[in-house]
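What follows is a set of notes on a single structure, which appears directly below.
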Amino acid sequence: MQAFLHQLLSGLATGAIYASLAVALVTIFKTTHHVNFAQGELAMFSTYIAWSLIQKGLPYWATFPATLAVAFVAGVVIERVVVRRVEHAPVLSVVIVFIGLLVICNSLAGWIFGFSIKAMASPFPSDAWYGSAYLSAHELGMIAVTLAVLLCVFLFFRFTRLGLAMRAAADNPESSRLVGVRVGWMLALGWGFAAALGAVAGMMAAPVVYLEPNMMTGVLLYGFAAALLGGIDNPWGAALAGFIVGVLENLAGAYLVGTQLKLAVALVVIVGVVTFKPAGLFGRRLVVRV
Amino acid sequence: MSRGAAKIVGLAALGVVACAVPFVASSFHVFQLTQIVVYAIALLGLNLLTGFNGQISLGHGAFYAIGAYTTAILLDKVGFPYWATVPIAGALCFGVGFLFGLPALRLEGPYLALATFALAVTTPQLLKVNALERWTGGVQGLLVEKPGSPIGGVLDADQWLYFLSLGVAFGLYLVAWNLLRGRTGRALMAIRDHPIAAATMGIDTALYKSLTFGVSACYTGVAGALGALLAGFVSPDSFTILLSIHFIVGVVVGGIASIGGMLFGAAFVTLVPNLADRISQAAPWAIYGAVLIAFMILMPTGAAGFARAVARRLFRGGNQPI
Amino acid sequence: MARTATFVALVALLAGVASAKDTPGVTATEIKIGQTMPYSGPASAYGVIGKGEAAYFKMINESGGINGRKINLISVDDGYSPPKTVEQARKLVESEGVAFMFQTLGTAPNTAIQKYLQQKQVPQLFVATGADKFGDPKGNPWTMGWQPSYRIESRIYGRYVLKEKPDAKICVLYQNDDFGKDYLIGLKEALGDKYATMVVKEASYEVTDPTIDSQVVSLQGSGCTALITAATPKFAAQTIRKVFDIGWKPLHFMSNVSISVAAVLQPAGVDKSVGIITGIYLKDPNDPAFKDDPGMNEWRAFMKKYMPDADTNDANYVYAYGVATTLVQVLKQCGNDLSRENIMKQAANLQGLKLSVAIPGTEIRTSPSDYRPFSQMQLARFNGKSFERFGPVLSGD
């Protein structure tokens, strides 16, 4: 029983990583209706920037917002310079551009920072009172940060004018333009926010999984599984699904299919969700009138 | 000279060169050319699905792997002759592709890309599964006996494999070309461009899409089988997500929805990493990424589109659609 | 008489011409060597080994080379992808015409090219992998490894547990590939019939797994008191940290590939790594016992001059230095006969070569029936700063 509980809590900790990446994926989908394959690599690159700043001596409480700012700007720039060119192109072009971004970020990170693992500082001291044998201080802090971020995102999209404008720009660009929403900038802002969220995900994950160029390649698939399972347009659904996927992966690996097929669990979730319940558990059904 | 005649002359010249090259080139270059031919078959398969039919697949590496392992297992464990394994690999992949195409019917653009991406990332793990280790060799992989030349005096093993692959490629390209310029091709492209209108016109989109998935997988599976004979070894490490990304790069660079462009795409994917290696060792993938983005933005029709534009300037005869 | 002399001279001349043709890659001024390394892709952390070796050969060349010949190492990237390794190996052998392949890295890549190199009779020297199958003079006479194989290593761990803690319950965490599985095989060989009773759980992980926390939790739950971890650096660091965090204190053996203080123990936390046991055969750059050691000073001077920007805490550079030194010895022994046959013959003729960067008490020894240059290791325990050796130098045979 104790082992089961331990697996469960461990799963929640890994689930927090998936959840935070899933929230970033959902944000980009809500604001641009694109499935961004490069989200993980952008998050990893942002984490390297954070690591570099810390190496230069900047304290963590300054590095964190600085990295978010850099990631935000980078996201905006990428959208304006690269993604905008293929806005009206068929879906294939967009997907390929994302794959291109994925590949560039990955190889640049390797080129600039090398391939050996780097330790990333954690804002949660390892001997804090809330740490335990089940969940270390950082893991608990990570869950808390994920939930906090989730709350911010949810409130932003639900209750602010800007959030509403961004959702409108994605759902119906023509009508939005007619009411005065600057669609181009809404898309760019969406990318910026998503990039910043990805940076948070990376900075939270790195102390656990260790920073290296391939840090997010495994996580990305689980993040997608979570985002799809929860509803690709629903941030809290995706976060909840992230925790579910984390726990599911751990329990399935420990008790059901063995550790060899853990990634296959993600594959099954993805294929299963898109085949049987495309809107996910908590998403809205999208009906297109012909 | 009209465009049609120029095309035929060009193709004939290419054919002559292709047949002559292995007798003047070194063994290693013949090996590389065979690799290009094999990739050209795989890329044509992917292009059928993604370029002509609009179903984005980021997971064709999985079908390549199935084809390769089929050959390896049949040769190693069952003792089939090597030339028989190739059509079997193709048939098996057709079945798997068709079955995968059925649920894929419900998936739109990016979701299909995501599902196939997940398949590609998971492929190495699936190949290592303990339950199948007796057949697949597990993490160790399987050695594939290189086919010897049946006309030993005239052609050595490398040249024989080259001509075998060339023959298969020629046959498959002919089939694809014939398929695409008739009703089937138009149906596929209609489904890609306006699926609802196509359905309204009476095209059985579900059947066509699934069959295309099957045929596309079949082509890539055949390529995988030949590739296994060429490399002499299959292992889970040979078929990672990077292979699927190689394929997508090749299709994009060669020209989406262009048959001839696939030869260029295959050459690009085979030769550029070696060249980029000299610039810097991290360079190849960064270059791939930059190339992908640049081509999508600047030259969406790829090298084939570029060639067509040039040809249009040179041969002002006829106004043929693609 | 004169005719006989002319005849003999002619034969000698022809023999000379023939043998000149039999030394591909070798001229009077140069020896060309081929190598594939993962400079990109998932295993790129090991690319530094190739860089270290290149720097060593540069040093040798600057002091005149070997018997007047400079070493030309052509090292290319294969991205740890076996089909690419095949292509690069063929290119090196057929287009570049290298004399032999040196330190090609990875079990799968080496397996892919082994048959080809045997057929072409090209030496596949000192492969950079601990897979046991590369030390097989009967089956593959042209292939030779260098480092103590993973099986030798885990045999040593198994025997230690049998001797010191015969009631221990062992569990194994291993990477699900050739590397990890070799440890299981070695352990089975060491424990024999006792394997079933002593080893209570084996857990594997894939390199695509983000964390191995679940596996570590499972292993703790099985109640074992000794843990053998066959993991690569990233996962080794995760394991060390997780084991400490959950308050578990098993007798922890760590694979030799992941004991670099800089690359693994520091990210994991040196305080969390105290007590870890490994088998070492090369000197730890951080070990205070080797602070003034002439062998390590030689290495340090080399690093300072030829790789000034490299991290001197990275044990991969010590490894590279050791292998390169071994190769130079082989080439020296060849003298002026640098045919592939002789290179292989001399590689199988290393009598008690003591490396400046290997721990005292070990030596490199090969013979036509023994293709394992390094089969000795000494156990060492991490004390928070470096690995402290204890016990005798053990042989894994």
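Some notes on this structure:
- For region A:88-117, residues that are surrounded by fewer than 21 Cβ atoms within 10 Å (Cβ to Cβ), touching a residue at least 24 places away in the same chain (Cβ under 8 Å) and more than 7 Å from chain B (Cβ to nearest Cβ) total 2.
- Residue in region B:174-187 that is within 14 Å of chain C (Cβ to nearest Cβ), under 14 Å from the mean Cα position of the chain (by Cα) and part of a helix (DSSP H, G or I) present: no
- Scan of region B:243-296 for residues that are hydroxyl-bearing (Ser, Thr, Tyr), free of Cβ contacts under 8 Å to residues at least 60 places away in the same chain and in a loop (DSSP other than H, G, I, E, B), ordered by number: B:Ser280
- Meets criteria (closer than 30 Å to C:Val261 by Cα and of a type in the set (S, T, N, Q)) for A:Thr63: yes
- Only one of B:Phe247, B:Phe239, B:Phe233 that is within 14 Å of chain C (Cβ to nearest Cβ), among the aromatic types (Phe, Trp, Tyr) and touching a Phe, Trp or Tyr at 6+ places or on another chain (Cβ under 7 Å): B:Phe239
- Residue in region B:136-152 that is crowded, with 23+ Cβ neighbours inside 10 Å, within 10 Å of chain A (Cβ to nearest Cβ) and either more than 25 Å from the chain's Cα centre (by Cα) or within 30 Å of B:Ala257 (Cα to Cα) (or both) present: no
- Within region C:169-195, the set of residues being away from chain B (no Cβ under 12 Å), touching a helix residue (DSSP H, G or I) at 6+ places or on another chain (Cβ under 8 Å) and more than 12 Å from C:Glu153 (Cβ to Cβ) comprises C:Lys169, C:Ile170, C:Cys171, C:Val172, C:Leu173, C:Lys188, C:Leu191, C:Lys194, C:Tyr195.
- The residue that is nearest to the chain's Cα centre (by Cα), among those in region C:353-377 that are polar (S, T, N, Q) and either closer than 12 Å to C:Gly145 by Cβ or crowded, with 20+ Cβ neighbours inside 10 Å (or both), is C:Ser375.
- Residue count for region A:255-269, restricted to those that are at pLDDT 85 or above, buried (at least 22 other Cβ atoms within 10 Å of the Cβ) and either more than 13 Å from A:Phe224 (Cα to Cα) or away from chain C (no Cβ under 14 Å) (or both): 1
- Region C:378-388, residues that are under 20 Å from the mean Cα position of the chain (by Cα) and at pLDDT below 90: C:Phe387
- In region C:255-299, the residues that are assigned to a loop (DSSP other than H, G, I, E, B) and under 19 Å from the mean Cα position of the chain (by Cα): C:Ser255, C:Ile259, C:Ser260, C:Tyr281, C:Lys283, C:Asp284, C:Pro285
- Applying the condition of being under 15 Å from B:Ala217 (Cα atoms) and either charged (D, E, K, R) or crowded, with 20+ Cβ neighbours inside 10 Å (or both) to region B:97-111 and asking which residue is farthest from the other protein chains (Cβ to nearest Cβ) yields B:Gly97.
- Extreme residue, modelled with the lowest pLDDT, among residues of region C:10-41 that are under 23 Å from C:Gly65 (Cβ atoms) and among the polar types (S, T, N, Q): C:Ser19
- The sole residue among B:Gly250, B:Gly227 that is touching a Leu at 6+ places or on another chain (Cβ under 6 Å), surrounded by 24 or more Cβ atoms within 10 Å (Cβ to Cβ) and within 22 Å of B:Phe31 (Cβ to Cβ) is B:Gly250.
- Selection of region B:41-55 for residues being farther than 14 Å from B:Gly97 by Cα and not β-branched (Val, Ile, Thr) yields B:Leu43, B:Leu44, B:Asn47, B:Gly51, B:Phe52, B:Asn53, B:Gly54.
- Residues satisfying the stated conditions in region A:9-28, i.e. surrounded by fewer than 24 Cβ atoms within 10 Å (Cβ to Cβ) and either within 18 Å of A:Val95 (Cβ to Cβ) or more than 10 Å from every other protein chain (Cβ to nearest Cβ) (or both): A:Leu12
- Among the residues of region C:208-242, those identified as of a type in the set (Val, Ile, Thr), crowded, with 24+ Cβ neighbours inside 10 Å and either away from chain A (no Cβ under 11 Å) or part of a helix (DSSP H, G or I) (or both) are C:Val216, C:Val217, C:Ile228, C:Thr229, C:Thr239, C:Ile240.
- Residue in region B:21-30 that is nearest to the other protein chains (Cβ to nearest Cβ), counting only those that are surrounded by fewer than 21 Cβ atoms within 10 Å (Cβ to Cβ) and in contact (Cβ under 8 Å) with a residue 40 or more places away in the chain: B:Ser27
- Selection of region B:52-79 for residues being over 19 Å from B:Gly137 (Cα atoms) and among the aliphatic types (A, V, I, L, M) yields B:Ile56, B:Leu58.
Every residue, every condition in (1) surrounded by 24 or more Cβ atoms within 10 Å (Cβ to Cβ); (2) out of contact with any Gly (no Cβ under 8 Å at 6 or more places or on another chain), yes or no:
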| residue | (1), (2) |
| --- | --- |
| C:Ser40 | yes, no |
| C:Thr85 | yes, no |
| C:Ile113 | yes, yes |
| C:Gln119 | no, yes |
| C:Val122 | yes, yes |
| C:Ala128 | yes, no |
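- Test: B:Val168 is of a type outside the set (Ser, Thr, Tyr), buried (at least 19 other Cβ atoms within 10 Å of the Cβ) and within 20 Å of A:Leu92 (Cβ to Cβ): no
- Some residue of region B:69-78 being more than 9 Å from every other protein chain (Cβ to nearest Cβ), at pLDDT 85 or above, surrounded by fewer than 18 Cβ atoms within 10 Å (Cβ to Cβ) and over 14 Å from B:Val234 (Cβ atoms): yes
- Within region C:258-272, residues that are at positive phi reach partners that are part of a helix (DSSP H, G or I) with beta carbons closer than 8 Å, at six or more positions or on different chains, in the pairs C:Gly269/C:Ile240; C:Gly269/C:Arg241; C:Gly269/C:Phe244.
Yes/no matrix, rows are residues, columns are (1) more than 13 Å from the chain's Cα centre (by Cα); (2) under 30 Å from A:Leu267 (Cβ atoms):
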residue	(1), (2)
B:Ala6	yes, no
B:Ala18	yes, no
B:His29	yes, no
B:Ile41	no, yes
B:Leu48	no, yes
B:Phe52	yes, yes
B:Ser57	no, yes
B:His60	no, yes
B:Thr70	yes, yes
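- Criterion violated by C:Ser44 - all others in (1) buried (at least 24 other Cβ atoms within 10 Å of the Cβ); (2) at pLDDT 90 or above; (3) within 14 Å of chain B (Cβ to nearest Cβ) satisfied: (2)
- Here is the figure for region C:137-176: residues that are acidic (Asp, Glu) and more than 30 Å from C:Ser367 (Cα to Cα) total 2.
- Some residue of region A:68-77 being among the small types (Gly, Ala, Ser), in a helix (DSSP H, G or I), surrounded by fewer than 24 Cβ atoms within 10 Å (Cβ to Cβ) and within 14 Å of chain C (Cβ to nearest Cβ): no
The values are calculated or read from the model by the stated rules, or taken from the named source; none is laboratory data. This one's a predicted model, so the numbers in the text were calculated from it and none came from an experiment. Using ideal geometry, Cβ is built from the backbone for each residue, glycine included, and neighbour counts are taken over all protein chains shown.
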